[in-house]
Amino acid sequence: MCLRLRLRRRWPLIPVAGANLPAPELSRQLAEWLQGPRSRALRRAGIGRRERVLEVGCGHGFVTEELSRRAGGTVVALDIEPQVLRPDHGPNVLPVAADGRALPFRDASFDLVFFQTTLLWIRPPEAAVQEAARVLAPGGALVALEPDYGTMIEEPDLGLRVVWLDALERAEAEPLVGRMLPRMAEEAGLEPWVEFAHIPRPAEPAALDLLAELPLTVLERERVDGAREIISRAGEGWSVFLHVPWLLVVAEKR
């Protein structure tokens, strides 16, 4: 695939604060947890017939491998952090270092643009969605999986929801990005299909590792450590339950 680069900037861009990615093992676990909803969304978007796929925020590349297997052509794996881009995903994967809010591609360059836990970290997320719509060809699809921490469920109440919301705000993330997805897609001129992705599972200490990497106050870190101890003592049963709803959006460009 030949892609002509053209840098466009339409939005005032807020620097990405603490753009460092989670540890590779945490990224791998998250990719595994979301495999079912992701597969469903990609199937709905017709990934097998898509010949020009863009993954915005590829990170360590655990989803890139899946996209490269399932896509019908080339996958561009894009991330703002060039040091994480890997050249070993295969001949149909092209790594590119760029900002998702100012994509260096011409209009209508792709027939599928994919986000997973990327818009969460972009301010403003609307800029990235508008850019995705711009580089989509007519008939192309935006596929996005993003969380909504404002509707997090915890049983018993360990006080983690407030910690997560405050820590994400402190990191200049957008913890309510999930609920914003349908509106953002529509405002970008796309036609969204929307589904809640519920992945109920007993709480496990690994779920707190992502939280522990955020900027926490001393009191918040003590609360997280206390919750980790409670979850560890609970074992594999359902006596402790943490659940963050995710929104799946497949939005087509007419």
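The values are calculated or read from the model by the stated rules, or taken from the named source; none is laboratory data. Quantities reported herein were computed from a predicted structural model and do not represent experimental measurements. So basically every Cβ, Gly included, is an ideal-geometry build from the backbone, and we count neighbours across all protein chains shown.
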Fill in: Tabulated pairs, segment 50-64, first more than 12 Å from L78 (Cβ to Cβ), second among the aliphatic types (A, V, I, L, M) and not in a helix (DSSP H, G or I), C-beta under 7 angstrom, 6+ apart or interchain
R50/A71; R50/L112; R52/M1; H60/L21
Worksheet item: Taking segment 132-166 on its own, how many of its residues are touching a residue at least 40 places away in the same chain (Cβ under 8 Å), in a helix (DSSP H, G or I) and among the charged types (D, E, K, R)?
Response: 2
Worksheet item: Residues V194, V177: which one is touching a Leu at 6+ places or on another chain (Cβ under 6 Å), farther than 24 Å from E236 by Cβ, touching a residue at least 24 places away in the same chain (Cβ under 8 Å) and among the aliphatic types (A, V, I, L, M)?
Response: V177
Worksheet entry | Among the residues listed as A97, A102, the single one being over 21 Å from G178 (Cβ atoms), touching a residue at least 60 places away in the same chain (Cβ under 8 Å), within 18 Å of the chain's Cα centre (by Cα) and surrounded by fewer than 18 Cβ atoms within 10 Å (Cβ to Cβ) | A102
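Matching residues to (1) at pLDDT below 95; (2) surrounded by fewer than 17 Cβ atoms within 10 Å (Cβ to Cβ); (3) closer than 29 Å to R40 by Cβ:
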| position | (1), (2), (3) |
| --- | --- |
| L165 | no, yes, yes |
| E174 | no, no, yes |
| R183 | no, yes, yes |
| L190 | no, no, yes |
| V194 | no, yes, yes |
| A207 | yes, no, yes |
| A251 | no, no, yes |
Item to complete: Would you mind telling me which numbered condition in (1) modelled with pLDDT of 95 or more; (2) part of a loop (DSSP other than H, G, I, E, B); (3) closer than 23 Å to E25 by Cα H89 fails?
Response: (1)
Discussion item. Tell me the residue from L120, L142, L112, L54 that is buried (at least 24 other Cβ atoms within 10 Å of the Cβ), in contact with a helix residue (DSSP H, G or I) (Cβ under 6 Å, 6 or more places away or on another chain) and under 28 Å from L168 (Cβ atoms), please.
Written reply: L142
Worksheet item: What are the residues in segment 74-86 that are touching a strand residue (DSSP E or B) at 6+ places or on another chain (Cβ under 6 Å) and either more than 18 Å from A132 (Cβ to Cβ) or assigned to a helix (DSSP H, G or I) (or both), if any?
Response: P82, L85
Worksheet item: Only one of A185, A251, A227, A173 is part of a strand (DSSP E or B), out of contact with any Cys (no Cβ under 8 Å at 6 or more places or on another chain) and among the small types (G, A, S); which?
Response: A251
